[in-house]
Amino acid sequence: MSKLEMLTPQNSAIALIDYQPAMYQGVQSHDRLVTMNNVQILAKAAKLFKIPTVLTTVAAESFSGPFMPEVVSLFPDHNIIDRTSMNSWLDENFRKAVAATGRKKFVIAGLWTEACVLFPTLDMMREGYEIYIPADACGDLSLEAHNRSMERAIQAGAVPITSSQYAYELQQDWARSETYEGMMDIQRAHSPYGIQIRFSKWALGEHASEGGKS
């Protein structure tokens, strides 16, 4: 494994952690709507590129509520792993789901950064996993809490990325037609770049494409 080797559908997996109502309520580091859009970029890109995906919640029935339906609906056959631990890695079912992917490059995003993201990041790196954190899809009780947690993760060896960077890294080339329209749908729904896409389609026609002439 090398951090110089880009994330691909063949070498990576993703874990989305605790995107639940009670956890969103505590987010003060970011605009919560931005976080909601960014995690959907991650989830839809994972779905589009057939990335092994792990979904997990904390105390869903007793305190925190269900995982956000916008993500769950993308993975109707997934078993959502519910835990009592802040640290997902302490949960045996989570560890089994991670191991079952067969991947050592893992993208981890969740609420909140200082616990639900940082703790499994540290444990998984100790176990030999390479961790990538899309910082703009995470959130915390304050900007200070989020930033210090990201810094600690980076100092320990995790790689900071963003949600759109993750999607672009999987696509790599706009001429890859099998995923092009799916990528455009993600950008239109959840990214400011969607405005440019709509404009180009209006100005140049529906044939307009970064992939060149079809």
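Side notes on the structure shown:
- Residue that is more than 13 Å from GLY139 (Cβ to Cβ) and over 14 Å from the mean Cα position of the chain (by Cα), where the choices are PRO52, PRO69: PRO69
- Subset tally (residues that are without any contact (Cβ under 8 Å) to a residue 60 or more places away in the chain and either part of a loop (DSSP other than H, G, I, E, B) or open to solvent by 40 Å² or more (accessible area, probe 1.4 Å) (or both)) for segment 10-60: 10
- Tallying residues that are more than 15 Å from the chain's Cα centre (by Cα), not in a helix (DSSP H, G or I) and not small (Gly, Ala, Ser) within segment 158-194 yields 5.
- Taken as a whole, segment 113-121 holds no residue that is open to solvent by 40 Å² or more (accessible area, probe 1.4 Å) and in a loop (DSSP other than H, G, I, E, B).
- No other residue among PHE94, PHE49, PHE63 is in contact with a strand residue (DSSP E or B) (Cβ under 6 Å, 6 or more places away or on another chain) and aromatic (Phe, Trp, Tyr) apart from PHE94.
- Residue count for segment 61-96, restricted to those that are in a loop (DSSP other than H, G, I, E, B) and surrounded by 15 or more Cβ atoms within 10 Å (Cβ to Cβ): 10
- Some residue of segment 14-26 being farther than 18 Å from ASP140 by Cβ and either small (Gly, Ala, Ser) or within 13 Å of the chain's Cα centre (by Cα) (or both): yes
The values are calculated or read from the model by the stated rules, or taken from the named source; none is laboratory data. Quick caveat, the model's predicted, so the values are computed rather than measured. Quick reminder, even Gly has a Cβ in these numbers, built from the backbone with ideal geometry, and neighbours come from all protein chains shown. Remember, those area values only see protein heavy atoms, side chains included, never the ligands or the DNA or RNA. Shrake-Rupley method; radii C 1.70, N 1.55, O 1.52, S 1.80 Å.
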